Amino acid sequence: MDRWRGKVAIVTGASAGIGAAIAEKLVEEGLQVVGFARRHQRIEARSQKLKNHKGKLYAVKVDVTQEEDILKGFKWVAENVGPVHILINNAGVLQHTNLTSGDTSKWKKVFDTNVLGVCIATREAVKIMKANKIDGHIVNINSICGHRVPYTFPDANVFPASKYALRAVTETLQQELQSLGLKIKVSSVSPGAVYTEIIRATVSQSLDSTFADTLKTMPTLQATDVAEAVLYALSTPPHVQIEDIIIRPVGDLI
């Protein structure tokens, strides 16, 4: 990680869970980390706890479903911290509905967050990396649901579809960057069940009580487990690209 020390990293959805764990690990490694989130106050509070570490954590209020927010966020980073070297597309959402009688607005929120928000943030990061001749790294936080549709997940509705789409976006981006002759690396990290606010919300809001009971007892990863996988991908030599890491808890039921 030495070559990234002092460089700028943007982490979306950095207010809690996996995003917060990744941001903290990067600050400990000496990076200048900018956390994007709607609940930016949480990031500000965490930055105070991390002020004695090698790096620094900044908070910027960004709703990744709003393109204007993303553009303003990148502009703020460029003007106040520096050109981005690492982008961690972590922000994601799961809405509790179904396909057969579901809520269109909830479907749209899933795709706007999990797919379009990633595309917009990635486009802006690549522009900056290209203009500044930065061999950067983009990491997309996907899901085991991007590799198969779990039959144990009745409330997932379009969530797996969004993660399959993200997987295709990641592979397409790798091909585009290669065709342009850019040495920007692209990695995907696909965890199984992680004990975060999404899991807790799923338990409390599930339309299926049997599924909610299963979630309470099934094996889960910790957010720090996923953060360590991200650091592994980032720490590889410049000629090595980790395309996808699938990380699951032992005995995973999803």
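The values are calculated or read from the model by the stated rules, or taken from the named source; none is laboratory data. Please read all numbers here as calculations on a predicted model, not as lab measurements. For neighbour counting, all protein chains shown are included, and Cβ atoms are generated from backbone atoms with ideal geometry for every residue, glycine included.
Looking at 33, 93, 77, which one is within 21 Å of residue 140 (Cα to Cα), over 17 Å from the mean Cα position of the chain (by Cα) and either not in a helix (DSSP H, G or I) or not polar (S, T, N, Q) (or both)? Explain how you work it out, then say what you get.
Details: 33 fails: over 17 Å from the mean Cα position of the chain (by Cα); 93 fails: over 17 Å from the mean Cα position of the chain (by Cα).
Result: 77 is the single residue among 33, 93, 77 that is within 21 Å of residue 140 (Cα to Cα), over 17 Å from the mean Cα position of the chain (by Cα) and either not in a helix (DSSP H, G or I) or not polar (S, T, N, Q) (or both).
Looking at segment 145-157, is at least one residue in contact with a strand residue (DSSP E or B) (Cβ under 6 Å, 6 or more places away or on another chain), polar (S, T, N, Q) and in a loop (DSSP other than H, G, I, E, B)?
Checked segment 145-157: no residue is in contact with a strand residue (DSSP E or B) (Cβ under 6 Å, 6 or more places away or on another chain), polar (S, T, N, Q) and in a loop (DSSP other than H, G, I, E, B).
Are there any pairs with C-beta distances below 7 angstrom linking a residue in segment 227-254 that is surrounded by 13 or more Cβ atoms within 10 Å (Cβ to Cβ) and at pLDDT below 95 to a residue that is assigned to a loop (DSSP other than H, G, I, E, B) and among the β-branched types (Val, Ile, Thr), with the two at least 6 apart or on different chains, and if so which?
249/220; 253/152; 254/152
Testing residue 101 on (1) part of a loop (DSSP other than H, G, I, E, B); (2) in contact with a strand residue (DSSP E or B) (Cβ under 9 Å, 6 or more places away or on another chain), one condition comes back false. Which one is that?
Of (1) part of a loop (DSSP other than H, G, I, E, B); (2) in contact with a strand residue (DSSP E or B) (Cβ under 9 Å, 6 or more places away or on another chain), only one is false for residue 101: (2).
So for segment 128-136 (the condition being in contact with a Lys or Arg (Cβ under 7 Å, 6 or more places away or on another chain), in a loop (DSSP other than H, G, I, E, B), modelled with pLDDT of 95 or more and buried (at least 18 other Cβ atoms within 10 Å of the Cβ)), does at least one residue qualify? Steps first, answer last, please.
Of the residues in segment 128-136, the ones in contact with a Lys or Arg (Cβ under 7 Å, 6 or more places away or on another chain) are 135.
Subset that is in a loop (DSSP other than H, G, I, E, B): 135.
Those still in the list that are modelled with pLDDT of 95 or more too: 135.
Subset that is buried (at least 18 other Cβ atoms within 10 Å of the Cβ): none.
Taking every residue of segment 128-136 in turn, none turns out to be in contact with a Lys or Arg (Cβ under 7 Å, 6 or more places away or on another chain), in a loop (DSSP other than H, G, I, E, B), modelled with pLDDT of 95 or more and buried (at least 18 other Cβ atoms within 10 Å of the Cβ).
Answer with yes or no whether residue 71 is farther than 24 Å from residue 231 by Cβ, buried (at least 18 other Cβ atoms within 10 Å of the Cβ) and among the aliphatic types (A, V, I, L, M). Don't jump to the end; show me each part of the working.
Working: farther than 24 Å from residue 231 by Cβ: yes; buried (at least 18 other Cβ atoms within 10 Å of the Cβ): no; among the aliphatic types (A, V, I, L, M): yes.
No, not satisfied.
Yes or no, residue by residue, for (1) closer than 30 Å to residue 156 by Cβ; (2) hydroxyl-bearing (Ser, Thr, Tyr); (3) touching a Ser or Thr at 6+ places or on another chain (Cβ under 7 Å); (4) at pLDDT below 95:
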residue	(1), (2), (3), (4)
12	yes, yes, no, no
17	yes, no, yes, yes
57	no, no, yes, no
69	yes, no, no, no
89	yes, no, yes, no
101	yes, yes, no, yes
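Please go through (1) surrounded by fewer than 20 Cβ atoms within 10 Å (Cβ to Cβ); (2) over 23 Å from residue 217 (Cα atoms); (3) in contact (Cβ under 8 Å) with a residue 60 or more places away in the chain for residue 150 and return the number of the only condition it doesn't satisfy.
Here residue 150 meets the rest and fails (2).
Which of the numbered conditions does residue 24 fail, given that it passes all the others? Conditions: (1) without any contact (Cβ under 8 Å) to a residue 40 or more places away in the chain; (2) more than 20 Å from residue 119 (Cα to Cα).
(1)
Of the residues that sit in segment 42-68 and are among the small types (Gly, Ala, Ser) and part of a helix (DSSP H, G or I), which one is surrounded by the fewest Cβ atoms within 10 Å (Cβ to Cβ)? Show your work before the answer.
The initial filter retains those residues of segment 42-68 that are among the small types (Gly, Ala, Ser), namely 45, 47, 55, 59.
The next check asks that each one be part of a helix (DSSP H, G or I); those that pass are 45, 47.
Numbers: 45: 11, 47: 19.
Residue satisfying both the conditions and the ranking: 45.
Answer with yes or no whether residue 169 is at pLDDT 95 or above, part of a helix (DSSP H, G or I) and in contact with a helix residue (DSSP H, G or I) (Cβ under 7 Å, 6 or more places away or on another chain). Write out each step before concluding.
Details: at pLDDT 95 or above: yes; part of a helix (DSSP H, G or I): yes; in contact with a helix residue (DSSP H, G or I) (Cβ under 7 Å, 6 or more places away or on another chain): yes.
Considered against the rule, which asks whether it is at pLDDT 95 or above, part of a helix (DSSP H, G or I) and in contact with a helix residue (DSSP H, G or I) (Cβ under 7 Å, 6 or more places away or on another chain), residue 169 comes out as yes.
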